[in-house]
Amino acid sequence: MILTLLILVPLIAGIFSFIAKDGAKGLALISSLVTLGLAAYISMAANTASLSWTMQWIPRLGAQLSFQADGMSAMLCLLTAIIMPVIFISNWNKEVEKPGAFYGLMLLSQAGITGVFLAYDALLFYFFWELALIPVYFLCSRWGGEKRIPVTFKFFVYTFVGSLMMLSALIYLSLQNTGVSAYSWQNIVRAGASLPAVQQQFLFWLIFIAFAVKMPIFPFHTWQPDTYEQSPTPVTIILSALMVKMGMFGVIRWLMPVLPAGVAFWSNTIIILSVIGIIYASLIAIVQTDLKRLVAYSSIAHMGLMSAAAFAQTNVGLHGLMVQMFNHGINITGMWLIVSMVEQRWGTRDMGKLGGMAITAPKMAIALVIISLANVALPLTNGFIGEFMLFNGLFESASPYHITFMVVAGLGIILGAVYTLNMVQKTAYGNATAMTTGGDITANEYVGLAIVIGLILVLGIYPKPLLDMTAGFANMMIP
Amino acid sequence: MTNLVYLVPLFPLIGFLINGIGWRKMPKSAGGAIGSIAILASFIVSLGIFFEVKSTGATTIVHLFDFIQSGKLYIPFSFQVDALSSLFLLIITGIGFLIHVYSTSYMHDDEGMVKYFAFLNLFVFSMLLLVLGANYLIMFIGWEGVGLCSYLLIGFWFKNRDYTNAAKKAFIMNRIGDLGFLVGMLMILFHFGTLTYADFFNNLHNSDVAISNNMYNWIAICLFIGAMGKSAQIPLYTWLPDAMAGPTPVSALIHAATMVTAGIYMIARSSALYNLAPLAQNLVGIIGLATAILAASIAIKQYDIKKVLAYSTVSQLGFMFLALGMGAYTTAVFHVMTHAFFKALLFLGSGSVIHAMGGEQDIRKMGGLNKHMRITGITFLIGCLAIAGIPGFSGFFSKDEILAATYAHSPVMYYLALGAALMTAFYMFRLYFLTFTGSFRGTEEQHHHLHESPAAMTIPLIVLAFFAIVGGYVGLPPVISEHHSLNSFLRSVVSNFGEHELSHATEWMLMGLSSGLVIITIIIAYAVNKKPNFAPNTGLAKTLENKWYVDELYDAVIVNPLQKLSGLLDRFAERMGIDGLVNGVGKIVRWGSDRVRLLQSGQVGFYIFVMVIGMTLLFAISFFWIQ
């Protein structure tokens, strides 16, 4: 029951928020803090499997309302529950048009994302997948930047095509089963794994493309920089910190166990695409002048490493992936918070016009440097643990090219330093030419950044809690 | 005492936290005092540890907590106290303390002084982690940590674009090496299942796969790539001269005495591995020798006092790698130690000069400073005598050991190394004569301003000068004494490879040859620079002045093509290629949707309504389909 509360609280608060208008942001904050408490409780529960909850939904289709939490979903729910209040607190002083609708849609999206992580029924999973996405379309197209309409359209086309392909594959899989639980995870897994290899290889792409678009994996990524650029920052955070994890999560929950022969057949291809994506996105990040686009490409590079390690299918790689999913969510949130503060104060994201933040806003500059160091995975920041384990997983994969994969992917850590330090140099250092006015961070921004930086350092120095939370899941998936 | 080893890095960490949190509100003197006392406290604990290790000779592992545990991957956060690490503890905290004291005066007029001490303490903390770690991952944490502090301190005066460029260059070049280190670590994990030194070295002979694939050489080469970056060897050395953008005490501590010797520490620590990897070992020696020669040749024609010292450091590091490549690990560590004394002394001396000259670093505008700054002049001369290898000074003993080991290995390499040693004597005394003797060539105003530095700066100079003289007596050559105290101290941890016993006659001959030639070189340096001539350089001299155009080469071959490639990818592959394709598909869809655009009312509520209807329809369709 507590799992459903995790979804119901933001869902109900979201609906009320449409009516609440000016009180919406308070409602949103309270709701997000309640879910944070619930998520913390779930992630500390000794036996998360005991929290599962199933109810009849559409018996004739074989769909159930079935929720279950394991180490991965508990970790991702916790991430979601941490990120949402950080967003709300950091934006507390910002005026938004139609706050009721804005916060309502944000909360609906949260409910959808949480549902995706908890659903143990394929149709329910699909339902939440769309519930998470559709509010984001509206948020982008209503509150986004100048080019929001064509960009949202592109985003919509990309994701909807992917979603429909996935839906058709899931329906096909459910048709292999009969009874009231044809869509349940166990039955989908049984159905998929017993299909002939050729069918699995075909179905693989139907499902994978939906996830590949979300992550995104090269070459399915071009919606992302545009969408990040045009979305309002709170939405960008939801997209990049949480929704990309939906894609990664989907691969682990709904692809790898379901179509093992398909995954085995295509894994080298996907690793190659992912590794190309790391280098490609890193190179493009080097020449970006817009802060948002730079962070967007940086995120594509990071996701490339995660997906490569996921398809390497080693225990340590998968465990590292769990850690890195969480940490990437934290770090990129910090990145966006800073970007939005810069844009709000100095009216531009063009790095050519910025500089001298260390003089005008030293606290913000320190935060930027720390978050940037986490972004380049410096040891003793949270970024390092996951990345080290991912590289280790890639290196230990059974593929004959494992060393090549690892070394080429490793070039990303050099290129990552190039574009990240470029960004720090151009925004934080130098003389304050354009950035003369506008003060340092305000109290509420301070709280948001403090949470992010606290997690960066604590999990970087002592990653054990996060490792312990997800160890059981990793060992169960790949002993 | 050894179980209190965690105190050694803890004090600088506390110093960093206090100075780091209070950097805007604290008075400057408090920042300097806290920073210096923190290092002094570490030094005292280190002394206790050193003498305990010296008397017991034991290796102690101090386990702090489990860092990473995942399946069979287990990496504890633990420290290893033994002869090698305790010696480095003394070098780091001892010289570190002197440089902190020096900085309290040198940085006193800088508004960012508290921040400076915070960074400096963080550096010492990271460096201590590097040498104390009981496994490669903890070493790597310190390794990247010192790189970060180096980055922060090179770019300390962050308003200057050139300085922040230099900082960025240092970090990125180090990252190239770090990738090698990372791959090396992963290979060790893959073949031996551990990163802990003790387990790894004990199992070196037990991994059949590793032996059959000649993995030793690969692992050793990968680790060496890491060392190339951190210790500024060919081809990753060009960041170090640029790193002189940082405050001069930083150059002394980080870019001469401690951080840049991390690569030597790493290979000495891994001596058991390198003894099994002859190919990698030869590579280390060759790269070291080449770097020693190349950097020394560049130093001959530099005019910036700090650049001369920077290239000198690169060249001396090359000597240390030469020693490592000869399998003489303890000799390399010996030279790390003596070099730390005399090079820190020389850098701090140059800082004193720059201080007196009001920020001027061009030796063409100096001259005759001896009259105005006696202590700086005399201590600088001692540093020059030590680095040139005049018998009796510390550098003589360690350099002689390197040359002897090289001679035993290959006479050709010996003569090349001797050439580099003679160039060292030449450029150092060129620097000395141009700076401290002759007549002053700067402006009248600078002349008036000339003064000896305050005691906080000269006392560290005197202490370092003392050690630059006597530091070599821990390693007397066999012809003088049968007992080499440093070697016997380190023997429990570091195993030298294939030690060749030279006959006493040969050894006397080598010593006499190098000493005689060094003295002749100094006389030549005096003769050449008695009446300095600063006409524009031509030919080879111009090439040397321009550092063999290596920076230009890297720009033309790597940096610019990479930038171009990135631009092309962004413009063509990304925007026109992939995105163009997607947009093309999108246009077709849009054409279709134009037909149904009437549905787009712009009302959010309507959209949600349609979504719900859509979902319902979907259910209905699949429902009937099942029927």
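FYI, it's all coordinate maths here, none of it is from the lab. A quick note: this is a predicted structure, and the numbers were derived from the prediction, not measured. Because the Cβ atoms are built from the backbone with ideal geometry, glycine has one as well, and the counts that use them run over all protein chains shown.
Say a site is exposed when it is one of the chymotrypsin sites (Phe, Trp or Tyr not before Pro), sits in a DSSP loop, and has at most 16 other Cβ atoms within 10 Å; what is then the longest site-free stretch of chain A?
Working: sites that count: A:92, A:401.
It runs A:93-400.
In chain A, which longest range has no trypsin sites (Lys or Arg not before Pro) that are both DSSP loop (not H, G, I, E or B) and surrounded by at most 16 other Cβ atoms within 10 Å? Walk me through the intermediate numbers first.
Working: sites that count: A:60, A:94, A:147, A:353.
The longest uninterrupted stretch comes out as A:148-352.
What would the Debye formula give as log10 I(q)/I(0) at q = 0.15, 0.23 Å⁻¹ for the alpha-carbon point model of the stretch A:100-186, no solvent?
-0.64, -1.08
At q = 0.09, 0.11, 0.18 Å⁻¹, what log₁₀ I(q)/I(0) does the stretch A:12-159 have when each alpha carbon counts as one equal point scatterer in the Debye sum?
Debye curve over Cα of the stretch A:12-159, log10 I(q)/I(0) at q = 0.09, 0.11, 0.18 Å⁻¹: -0.32, -0.48, -1.12.
Taking the Cα centroid of the stretch B:1-65 and of the stretch B:90-114, what is the distance between the two, rounded to the nearest whole Å?
15
How many partner chain Cβ atoms sit within 10 Å of a residue's Cβ in peptide A:316-324, on average, as a whole number?
Across A:316-324, the average partner-chain Cβ count within 10 Å equals 2.
Would you work out which of A:414, B:257, B:50 lies farthest towards the positive end of the dipole of the protein assembly as shown, given +1 charges on the beta-carbon of Lys and Arg and -1 on that of Asp and Glu, about the Cα centre?
The residue sitting farthest along the positive end of the dipole is A:414.
Give me the net charge of residue B:349's neighbourhood, meaning all other residues with Cβ under 14 Å from the Cβ of residue B:349; Lys, Arg count +1, Asp, Glu -1. Walk me through the numbers before you get to the answer.
Values: positive: B:306, B:343, B:374; negative: B:452.
That works out to +2.
Per the Debye formula with a single identical scatterer at each Cα and no solvent contribution, what log10 I(q)/I(0) holds for the stretch A:265-479 at q = 0.09, 0.10, 0.12 Å⁻¹?
Those come out to -0.37, -0.45, -0.62, one per q.
Roughly how many whole Å is it from the C-alpha centroid of the stretch A:16-41 to that of the stretch A:203-272?
First find each Cα centre; the distance between them is then 29 Å.
Can you give the average number of partner chain beta-carbon atoms within 10 Å of each beta-carbon in peptide A:58-66, as a whole number?
2
Mind checking the angle between helix B:455-470 and chain B's longest principal axis? C-alpha axes, 0 to 90 degrees, to the nearest 10.
70
Strictly over 18 Å apart at the Cα level, which of B:54/B:343; A:25/A:94; B:230/B:301; B:301/B:547 would you flag in this model?
Numbers: B:54/B:343 26 Å; A:25/A:94 10 Å; B:230/B:301 25 Å; B:301/B:547 9 Å.
Table pairs above 18 Å Cα-Cα are B:54/B:343; B:230/B:301.
Would you kindly work out the equivalent ellipsoid of the stretch A:284-397 from its C-alpha gyration tensor and give its semi-axes, the square roots of five times the eigenvalues, largest first in whole Å? Numbers along the way, then the final one.
Numbers: eigenvalues 185, 41, 20 Å².
Output for the stretch A:284-397: semi-axes of 30, 14, 10 Å.
Peptide B:163-169: average number of partner chain Cβ atoms within 10 Å per residue?
3
Run the dipole for the stretch A:265-479 about the Cα centre, Lys and Arg Cβ at +1, Asp and Glu Cβ at -1, nothing else charged, and hand back the magnitude in debye, nearest 20.
I would put it at about 300 debye.
In chain A, which longest range has no GluC sites (Glu not before Pro) that are both DSSP loop (not H, G, I, E or B) and surrounded by at most 15 other Cβ atoms within 10 Å?
Longest run free of exposed loop sites: A:147-479.
Give the distance, in whole Å, between the Cα centre of the stretch B:416-494 and the Cα centre of the stretch A:400-479.
Spelled out, the Cα-based centre of one part sits 43 Å from the other.
Of B:156, B:206, B:172, which is farthest on the positive side of the dipole of the stretch B:150-276, counting Cα position, with +1 on Lys and Arg Cβ, -1 on Asp and Glu Cβ, and the Cα centre as origin?
Comparing the listed Cα positions along the dipole, B:156 ranks first.
Local charge sum around residue B:361 (other residues, Cβ-Cβ under 12 Å, Lys/Arg +1, Asp/Glu -1)?
+1
Of the trypsin sites (Lys or Arg not before Pro) in the stretch B:1-30, which ones lie in a loop per DSSP and count no more than 14 other C-beta atoms within 10 Å?
In loop regions of the stretch B:1-30 (DSSP not H, G, I, E or B), the sparsely surrounded trypsin sites (Lys or Arg not before Pro) are B:24, B:25.
At 25 °C and 0.890 mPa s, what whole-number value in µm²/s does Stokes-Einstein give for the translational diffusion of the protein assembly as shown, with Rh from the Kirkwood sum over Cα pairs?
The calculation lands on 79 µm²/s.
How large is the helix-only mean residue ellipticity at 222 nm for the protein assembly as shown, computed as the sum of -39500 (n - 2.57) over DSSP H runs with n ≥ 4, divided by its residue count, in deg cm²/dmol to the nearest 500?
About -23500 deg cm²/dmol.
Add +1 for every Lys or Arg and -1 for every Asp or Glu among the other residues with Cβ under 14 Å from the Cβ of residue A:314, and state the total.
Taking every Cβ under 14 Å from that of residue A:314, the sum is 0.
P(r) of chain A in 20 Å steps, Cα pairs, percent per bin?
26, 61, 14, 0
How far apart, in nm, are two points set 7 Å out from the Cα along the Cα-to-Cβ line at residue B:513 and at residue B:527?
A separation of 2.3 nm, rounded to one decimal place.
If I histogram all Cα-Cα distances within chain B using bins 20 Å wide from 0, what percent of pairs lands in each bin?
18, 49, 21, 8, 3, 0
For the stretch B:32-190, what D do you get in µm² per second when you plug the Kirkwood radius from alpha-carbon pairs into Stokes-Einstein at 10 °C and 1.306 mPa s? Intermediate values should be presented prior to the final figure.
Numbers: Rh = 17.3 Å.
It diffuses with D of about 92 µm²/s by this estimate.
Measure nothing fancy, just the Cα-based angle from helix B:278-299's long axis to the longest principal axis of chain B, in degrees from 0 to 90, nearest 10.
Value to nearest ten degrees: 70.
Across all directions of projection, what mean area in square nanometres is found for the Cα convex hull of the stretch A:230-349?
7.5
Quick one: of A:245/B:587; A:353/B:159; A:98/A:214; A:353/B:25; A:147/A:214, which pairs are farther than 26 Å apart, Cα to Cα? Let's see the in-between values first.
Details: A:245/B:587 29 Å; A:353/B:159 15 Å; A:98/A:214 28 Å; A:353/B:25 30 Å; A:147/A:214 21 Å.
A:245/B:587; A:98/A:214; A:353/B:25, as the Cα separations exceed 26 Å there.
Give, rounded to the nearest 20 debye, the magnitude of the charge dipole that the protein assembly as shown has about its Cα centre when Lys and Arg contribute +1 at Cβ and Asp and Glu contribute -1 at Cβ. Before the final figure, lay out each step's value.
Numbers: 57 positive and 49 negative charges, 387 e Å.
The calculated dipole for the protein assembly as shown is roughly 1860 debye.
Taking Cα pairs under 8 Å and at least six residues apart, what relative contact order does chain A come out at, in percent?
Computed value for chain A: 15 percent relative contact order.
What FRET efficiency, computed as 1/(1 + (r/R0)^6) with R0 = 25 Å and r the Cβ-Cβ distance, is obtained for residue B:159 and residue B:554, rounded to the nearest 0.05?
About 0.45, to the nearest 0.05.
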